[in-house]
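**Q** Below: one structure in structure tokens.
Every read-out reported here was derived from the displayed coordinates using simple, explicitly stated rules and does not represent laboratory data. Here the structure is a predicted model, which is why all the values come from computation and not from measurement. Here Cβ is always computed from backbone atoms with ideal geometry, including for glycine, and neighbour counts include all displayed protein chains.
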Amino acid sequence: MPAGIYRTVDGGANWLPLNNGLPATLKPTQIVVAPQDSNIVYAGANASGLAPFSAAGVYKSTDGGDHWTQVFQENVMAIAVDPADANIVYAGTWNTNGFFRSLDGGATWTQFSLGLPVQPGITAIALDPANPRHVLIGSSSGVYEATFAIHRSTGRCSRRQQTRRGCRSARRRSAPFIRSCCTSPA
């Protein structure tokens, strides 16, 4: 079976390709279904092997995976969707520009790299279940966190807050955090 995105409706006995709008060389890295609307699906993809950089990025489907549109072009390895708002999407790149967020379902993206290494190697993004604005970022160089402020009138982080109130902040967690959640005691 060639690389791509597939769906089964019979418990895995048969798999159907979901390739309408996806490049033939797609190398998917992660697929996330919006918790509040299963028709909204985001897929991350990277450029590797035969896949050119133009195929890398975030793809979005609003019909459960039947049709796809590329909404972001970067070498994406990890994505996450806010559990309460499918328009808030996070993307992490392996070897390009780092960590990004969209507040409008992928139409526009903002880079947040303050505090991250130049090529962070992001492989995982997790949202705190108690506060989805608190984001944990797993990378090849450690675990980082970012907390995004909420704009009072819209519930989203304003441009001013992004630059003056720490929405862009990302700081490396101390070693005890990594030990307590990710490794067994010696």
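**Q** Sequence-distant or interchain residues sharing an amide H contact under 5 Å with N46, placed H: which?
**A** Residues meeting the criterion, in which the H sits 1.01 Å from N, are K27, T29, G57.
**Q** Next up: Give, as a single signed number, the net charge of other residues whose beta carbon lies under 11 Å from the beta carbon of H134, with Lys and Arg counted +1 and Asp and Glu -1.
**A** -1
**Q** With a point put 7 Å past each Cα toward its Cβ, work out how far L16 is from D66 in nm, to one decimal.
**A** Distance between the two pseudo-spin positions: 0.9 nm.
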